Amino acid sequence: MTEVPRSHPRYESLKTRERLVEGVESGITSKAGLIAHGRGEAFDYLLGEKTIPAAERAERYALGVLKKAENPVISINGNVAALVPDEIVNLGEYLSAKLEVNLFHRTEERLKKIEEKLRENGAEDVLGLEADAEIPGLDHDRALCSKKGIYSADVVLVPLEDGDRTKALKEMGKTVVTIDLNPLSRTAKTADVTIVDNVTRAVPNMIDMEPLKEEFDNEKNLSEVLDYMGERLKGLTKNKITEEDMDGR
Ligand code: ATP
Ligand code: MG
């Protein structure tokens, strides 16, 4: 692949795409994962490709919830493994959370490749390869999980998750934290804590933050994100609000 020059205005975004393409080529990421990423990118554009204040608050609140959990589990799919393999292993260690590979398009080969990638990045224990439990209410493949991982977790961090699975996890009584750039997705609306930020920013952010002390209301936080996107768009079309103005929000 040709190198993206650092001076390119879309350097970060293009590097991220490269990492995903490499993920597909090495068998870690599914082709459908590329499409999911494209949807995420579109929403990231509306945020100005940065962590907005509402997202930062959600990250800090999520951190507190995960730190207080008894059996926290981080679910890892092919996009997460391609984009933030090192950072997600670090976050797992920091939170004393288990890592579980959980795929929408599950194949033995992809499970193994992701496990390998996480081990290369320092993970010691990776769950999910031997699925010995099922999430009730989902069809067979998508229900598979690990008994000592997701099945028995009290809090699960499910970045880039599908809406059906999020709903099924909620119905099991779990506290669900997600990272999803689309504030309108079913996952975003169903989770207890929704971080509307790119997984490439949210995961490293959470490692050196102070947990939020104030109250947190997920529905309100999502409305704030939508207001932010709306105002930013209005400002950009009418040239009324500058990027600097938005930074102060
Ligand atoms: P839902 O099933 O929750 O209604 P969906 O079907 O629209 O959502 P999925 O493909 O199931 O979408 O889930 C992928 C989600 O991950 C999308 O909402 C997309 O916006 C989000 N996403 C993709 N790439 C990233 C990323 N890099 N960081 C954060 N979120 C992302
Ligand atoms: Mg979906």
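The values are calculated or read from the model by the stated rules, or taken from the named source; none is laboratory data. Being a predicted model, the structure only gives us computed values, none of them experimental. Neighbour counts are summed over all protein chains in view; Cβ atoms, including those assigned to glycine, are modelled from backbone coordinates with ideal geometry.
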Within segment 28-72, tally of residues that are more than 11 Å from ligand 1 (Cβ to nearest atom), over 17 Å from LEU184 (Cα atoms), assigned to a helix (DSSP H, G or I) and not acidic (Asp, Glu):
12
For the structure I just gave you, tell me whether ASP139 is of a type in the set (Asp, Glu) and either within 15 Å of the chain's Cα centre (by Cα) or within 14 Å of ligand 1 (Cβ to nearest atom) (or both).
no
Hey, any hits in segment 96-113 for a residue that's within 20 Å of ALA191 (Cα to Cα) and among the acidic types (Asp, Glu)?
yes
Checked segment 153-181 for anything within 8 Å of ligand 1 (Cβ to nearest atom) and either more than 15 Å from the chain's Cα centre (by Cα) or surrounded by fewer than 20 Cβ atoms within 10 Å (Cβ to Cβ) (or both); matches are ASP162, GLY163, ASP164
For residues that are among the acidic types (Asp, Glu) and near ligand 1 (Cβ under 9 Å from one of its atoms), tally how many sit in segment 182-196.
0
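From the list ALA153, ALA123, which residue is within 19 Å of LEU99 (Cα to Cα) and touching a Leu at 6+ places or on another chain (Cβ under 7 Å)?
ALA123 is the lone residue from the list that is within 19 Å of LEU99 (Cα to Cα) and touching a Leu at 6+ places or on another chain (Cβ under 7 Å).
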Would you say VAL84 is under 12 Å from the mean Cα position of the chain (by Cα) and either under 19 Å from ASN198 (Cβ atoms) or of a type in the set (Ser, Thr, Tyr) (or both)?
yes
Output the residue which, of all residues in segment 210-234 that are at pLDDT 95 or above, of a type in the set (Asp, Glu) and surrounded by 12 or more Cβ atoms within 10 Å (Cβ to Cβ), is nearest to ASP192 (Cα to Cα).
GLU224
Scan the strands (runs of 3 or more DSSP E) fully inside segment 98-192 and keep the ones with 1 or more residues being within 16 Å of ligand 2 (Cβ to nearest atom), more than 19 Å from SER26 (Cβ to Cβ) and aliphatic (A, V, I, L, M).
175-179
Check whether at least one residue in segment 94-108 is surrounded by fewer than 18 Cβ atoms within 10 Å (Cβ to Cβ) and free of Cβ contacts under 8 Å to residues at least 24 places away in the same chain, and report yes or no.
yes
